Amino acid sequence: MELTATPIGCSVQIATQVINKCHAHYLRSCGAGERELVLRWRYRSFSCSWPPPPQPPFLHHSSRFLVVVTQSFIPDRASEIDRSREEMASSGGGSNEGGGGGGDERMIREALLAPAGNGNGNSTGGKVEEEDLEEIRSVRAFMRHAAEENRRLWYLAGPAIFTSIAQYSLGAVTLVFAGHLTTLELDAVSTENNVVAGLALGIMLGMGSALETLCGQAYGAKQLHMLGVYLQRSWIILVAMAVLMLPIYLFATPILRFFHQDAEIAALAGRLALYMIPQLFAYALNFPIQKFLQAQSKVVAMAAVSAAGLAFHVALSWLLVGPMRMGLAGLALALNASWWLVVLGQLAYILMGYCPGAWNGFDWLAFSDLVGFARLSLGSAVMICLEFWFYMFLIVIVGNLPNAQVAVAAVSICTNLFGWQIMVFFGFNAAISVRVSNELGAGRPRAAKFAILVVLMSSVAIGLAFFAAVLALRDVYGAPFTESPAVVRAVASLGVVFAFTLLLNSVQPVLSGVAVGAGWQWLVAYVNLGCYYIIGIPVGYLIAFPLRGGVQGMWGGMLAGVGLQTLILVAIMLRADWGKEASEAKSRIRKWGGSAKAPADH
């Protein structure tokens with residue numbers, strides 16, 4: 001006989017609900033330390049192992065009456081669950097016929113007895129959809145979890161590194177073929193690629209990075225249907241930004257002349273900029289697609305499409321510049337076609353159904369909340385552009401030093417090597433952004449923190465390898481780039497500061513990736529502004545000119561800004577309440593049109 005079918009059993013069951021209600025309220029009113037000392041009451045079931053029969057109607061309503069009375073004396077967050085239960089009952093979902101009372105009991109249990117945190121000392125503001133990472137208490141457990149996290153990391157980072165290098169190589173290959181034309185055309189291609197296209201690249205990549213936060217957290221929260229909506233919103237905003245940037249391409253020649261560029265180079269670079277307008281709109285579509293695919297760990301497909309685009313670019317550039325002798329116009333045509341091949345290849349992958357649930361066709365919802373979405377996108381753009389332009393300022397300022405030709409050549413060689421190294425850590429940036437946003441979206445703050453630790457260990461190890469290699473080879477690594485002994489000596493003199501630059505930049509992109517995954521774009525933008533432009537550049541200028549420190553002093557002063565930025569970002573992450581970040585991830589999903597619960601919960 002069921003205990004709940006007896007009067008005593010029913011009374012005990014009703015009393016248990018009321019006691020649990022009071023006890024849960026008491027626990028929520030405790031401080032965090034006191035709560036740890038309190039033995040939390042758990043729901044006790046007084047039925048046998050088989051499913052209990054439906055409660056008699058008078059018992060069901062008596063139970064609900066006492067809980068409602070208790071609620072009036074103890075107002076707290078469980079009232080939302082009680083209101084939901086009332087709505088379910090009024091619509092038939094809470095009827096006790098056919099065992100409906102069991103649903104009420106489940107809701108009471110979840111509302112009254114859900115712990116204030118996630119069980120790991122992290123407040124997530126609600127129910128955690130997935131079990132968080134267990135507490136690590138031994139070296140063996142750490143090694144086991146670290147190996148698993150490294151597997152996830154390299155699955156994401158490996159293809160992402162290859163994708164970054166392949167797309168970076170599109171411009172490098174264009175410069176190589178331009179070198180077979182005249183010196184004037186080579187200078188024009190270099191100017192357009194570094195100044196005009198470089199400006200567009202920084203802005204578009206930065207604005208597209210907003211999707212790393214939103215798509216990553218929505219994917220972790222199982223809100224797959226919102227990924228396609230976010231992608232379309234980003235397209236709308238980035239295409240609008242591309243239209244706003246058209247004057248830079250249309251009036252590139254007078255803009256370059258304003259900055260005292262050579263008249264012939266400015267004129268030819270301006271003409272090339274007109275040819276490269278299709279590339280601007282390819283950027284506007286490409287970077288949101290990349291972040292959309294990265295959030296779902298579809299990185300192998302991205303790498304395959306980028307490899308195909310690079311191979312196509314090499315072949316087409318050779319055909320147009322060599323046998324067909326189309327010159328500068330041929331280079332522009334090849335580069336435009338290659339970027340659009342990458343865009344269309346990734347888009348075809350999405351439309352062919354390889355992103356089930358994430359892409360459900362075009363949606364009018366994409367046109368809602370565009371202003372707020374644009375603000376988040378601008379925060380990402382400011383954060384990344386401040387980093388991109390920092391090293392551009394280095395080259396500009398060094399050009400004003402005595403013996404500027406040697407100084408600029410030495411810095412250009414180092415920044416060229418730095419560009420290839422940063423492509424590696426852009427892969428880590430993408431990987432940790434995906435891991436952090438996915439784990440926060442899933443309500444797993446401890447797993448997010450552990451992912452950060454593992455990726456930092458890996459990136460620092462690689463950074464130390466670069467650091468040691470530059471110090472060991474500092475007298476010779478400049479030789480393959482120049483035949484000038486003076487430039488080789490200048491490069492060698494930069495060896496120490498350049499080695500420390502590579503070491504710090506093994507950590508900095510990872511920290512930026514964490515910031516993007518957590519949605520801290522504007523905070524990091526302010527940090528970058530202060531460290532780079534208020535401290536780094538002025539200190540470098542002071543050492544280089546008044547103190548006559550030369551190019552080493554300029555770079556060393558700017559390196560101080562990078563070091564300070566790294567320390568501040570580390571401090572921010574150490575002090576962050578990752579449980580709160582997981583809760584804010586859910587709030588962000590609700591704000592941008594999703595739900596805090598997985599679709600299965602609805």
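Here are some notes:
- Pairs where the first residue, in the stretch 506-532, is aliphatic (A, V, I, L, M) and the second is not in a helix (DSSP H, G or I), C-beta under 8 Å, 6+ apart: 516/209; 518/576
- Residue ID - surrounded by the fewest Cβ atoms within 10 Å (Cβ to Cβ), chosen from residues in the stretch 457-484 that are out of contact with any helix residue (DSSP H, G or I) (no Cβ under 6 Å at 6 or more places or on another chain) and closer than 20 Å to residue 153 by Cβ: 461
- Taking the stretch 280-314 as the range and being within 14 Å of residue 248 (Cα to Cα) and surrounded by 23 or more Cβ atoms within 10 Å (Cβ to Cβ) as the test, only 280 passes.
Listed here are the residues, each with its yes/no results for (1) at pLDDT 90 or above; (2) closer than 19 Å to residue 365 by Cα; (3) of a type outside the set (A, V, I, L, M).
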{"position": "190", "(1), (2), (3)": "no, no, yes"}
{"position": "199", "(1), (2), (3)": "no, no, no"}
{"position": "204", "(1), (2), (3)": "yes, no, no"}
{"position": "208", "(1), (2), (3)": "no, yes, yes"}
{"position": "211", "(1), (2), (3)": "no, yes, no"}
{"position": "233", "(1), (2), (3)": "yes, yes, yes"}
{"position": "243", "(1), (2), (3)": "yes, no, no"}
{"position": "251", "(1), (2), (3)": "yes, no, yes"}
{"position": "264", "(1), (2), (3)": "no, no, yes"}
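- The condition (being in contact with a His (Cβ under 8 Å, 6 or more places away or on another chain) and either assigned by TED's automatic domain parsing to the domain that holds residue 578 or modelled with pLDDT under 90 (or both)) is satisfied by just one residue among 466, 450: 450.
- Hits in the stretch 322-332 - residues which are surrounded by fewer than 17 Cβ atoms within 10 Å (Cβ to Cβ) and either under 36 Å from the mean Cα position of the chain (by Cα) or hydrophobic (A, V, I, L, M, F, W, C) (or both): 324, 326, 329
- Taken over the stretch 424-454, the criterion of being within 14 Å of residue 156 (Cβ to Cβ) and either without any contact (Cβ under 8 Å) to a residue 12 or more places away in the chain or more than 14 Å from the chain's Cα centre (by Cα) (or both) is satisfied by 424, 454.
- Scanning the stretch 268-318 for residues that are outside any helix (DSSP H, G or I) and under 29 Å from residue 182 (Cα atoms) gives a single hit, 276.
- Scan of the stretch 571-581 for residues that are free of Cβ contacts under 8 Å to residues at least 60 places away in the same chain and either exposed (fewer than 14 other Cβ atoms within 10 Å of the Cβ) or polar (S, T, N, Q) (or both), ordered by number: 571, 574, 575
- Selected residue [assigned by TED's automatic domain parsing to the domain that holds residue 523, surrounded by fewer than 18 Cβ atoms within 10 Å (Cβ to Cβ) and of a type in the set (Val, Ile, Thr)] from 406, 396: 396
- Against the test of being hydroxyl-bearing (Ser, Thr, Tyr) and under 21 Å from residue 219 (Cβ atoms), the options 297, 338 yield a single qualifying residue, 297.
- Pairs, first without any contact (Cβ under 8 Å) to a residue 12 or more places away in the chain in the stretch 470-487, second assigned to a helix (DSSP H, G or I), C-beta under 7 Å, six or more apart: 479/488
- For the criterion of being more than 30 Å from residue 217 (Cα to Cα) and modelled with pLDDT of 85 or more, residue 523 fails.
- In the stretch 184-191, the count of residues that are more than 20 Å from the chain's Cα centre (by Cα), in a helix (DSSP H, G or I), closer than 13 Å to residue 334 by Cβ and touching a residue at least 24 places away in the same chain (Cβ under 8 Å) is one or more.
- Condition check for residue 265: more than 18 Å from residue 350 (Cβ to Cβ), among the aliphatic types (A, V, I, L, M) and in a helix (DSSP H, G or I): yes
- Taking the listed residues 551, 487, 516, 491, the one that is touching a Leu at 6+ places or on another chain (Cβ under 7 Å), on the phi < 0 side of the Ramachandran plot and crowded, with 19+ Cβ neighbours inside 10 Å is 551, with no other qualifying.
Yes/no matrix, rows are residues, columns are (1) assigned to a helix (DSSP H, G or I); (2) crowded, with 20+ Cβ neighbours inside 10 Å; (3) among the charged types (D, E, K, R):
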| position | (1), (2), (3) |
| --- | --- |
| 211 | yes, yes, no |
| 216 | yes, yes, no |
| 226 | yes, yes, no |
| 234 | yes, yes, no |
| 238 | yes, yes, no |
| 243 | yes, no, no |
| 247 | yes, no, no |
| 254 | yes, no, no |
| 260 | no, no, no |
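- Any hit, the stretch 340-359, residues being in the same structural domain as residue 210 (by TED's automatic domain parsing), touching an Asp or Glu at 6+ places or on another chain (Cβ under 7 Å), buried (at least 17 other Cβ atoms within 10 Å of the Cβ) and touching a residue at least 12 places away in the same chain (Cβ under 8 Å): no
The values are calculated or read from the model by the stated rules, or taken from the named source; none is laboratory data. It should be emphasised that the depicted structure is a prediction, and the values quoted were computed from it without experimental measurement. Virtual Cβ from ideal backbone geometry, glycine too; neighbours counted across all protein chains shown.
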